[in-house]
Amino acid sequence: MAIKEYKLGDISFVKNGTKNKEDQVEGGKYNFYVRSKNILKSNDYTIDGKYIIIPGEGIFYPLWNDGKAAVHQRVYYIKAREEFILSKYLYYWWIKNTNILYKQSVGTTVKSLRLKNFLEPIINLPNLQTQQSI
């Protein structure tokens, strides 16, 4: 099994959302990811597809999204470049490696992250067939 080393920013697309908490709609059509594990609702969306969602403040717990969803401005959404890494493999990698985010976070009262925190970590990847089997 050949392992290759990559920077996460080279094998995934990372961006933060644009919505504010005021965009929440009770009983809305789409999931609305905010800065907590609680998922709210909205009637419009930011993303459509398979994404890893990680709040940029407070608790850095990865969530899985498959479909349309709205994303708060302090929440990051990550899309795997599937020619390198499978989406679910990247999701489980982030669950296992959230300690990287806590080590790099800044702030005294509320810990927060910046875009570079998602782009710079190094990942050692097996080939796609091995990723699938894991």
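The values are calculated or read from the model by the stated rules, or taken from the named source; none is laboratory data. In this text the structure is predicted, and so the values were computed from the model without any measurement. Glycine gets a Cβ as well: all are built from the backbone with ideal geometry, and neighbour counts include every protein chain shown. When the accessible area is computed, the model is the full protein with side chains, heavy atoms only, and any ligands, DNA or RNA have been set aside. Shrake-Rupley method; radii C 1.70, N 1.55, O 1.52, S 1.80 Å.
When each of Y102, Y92 is tested for being at pLDDT 95 or above, among the hydroxyl-bearing types (S, T, Y) and part of a helix (DSSP H, G or I), the lone residue that passes is Y92.
I need a count of the residues in the range 105-126 that are open to solvent by 30 Å² or more (accessible area, probe 1.4 Å) and in a helix (DSSP H, G or I).
2
The set of residues from the range 1-29 being closer than 21 Å to N43 by Cβ and of a type in the set (A, V, I, L, M, F, W, C) comprises just one member, V25.
Just checking, how many residues over the range 72-89 are assigned to a helix (DSSP H, G or I) and open to solvent by less than 40 Å² (accessible area, probe 1.4 Å)?
The number of residues fulfilling the criteria is 1.
Restricting W93, W64 to those that are closer than 28 Å to G28 by Cβ and in contact (Cβ under 8 Å) with a residue 24 or more places away in the chain reduces the list to W64. Pairs under 7 Å by beta carbon, first residue in contact (Cβ under 8 Å) with a residue 12 or more places away in the chain in the range 27-43, partner open to solvent by 50 Å² or more (accessible area, probe 1.4 Å) and of a type in the set (S, T, Y), six or more apart or different chains? Going by the 7 Å Cβ cut-off, the qualifying pairs are Y30/Y45; K37/Y61. Restricting attention to the range 1-47 and to residues that are more than 22 Å from P121 (Cβ to Cβ), among the aromatic types (F, W, Y) and in a strand (DSSP E or B), the residue that is most open to solvent (accessible area, probe 1.4 Å) turns out to be Y30.
Residue count for the range 48-69 under the criterion of being assigned to a strand (DSSP E or B), in contact with a Ser or Thr (Cβ under 9 Å, 6 or more places away or on another chain), modelled with pLDDT of 95 or more and of a type outside the set (V, I, T): the result is 8.
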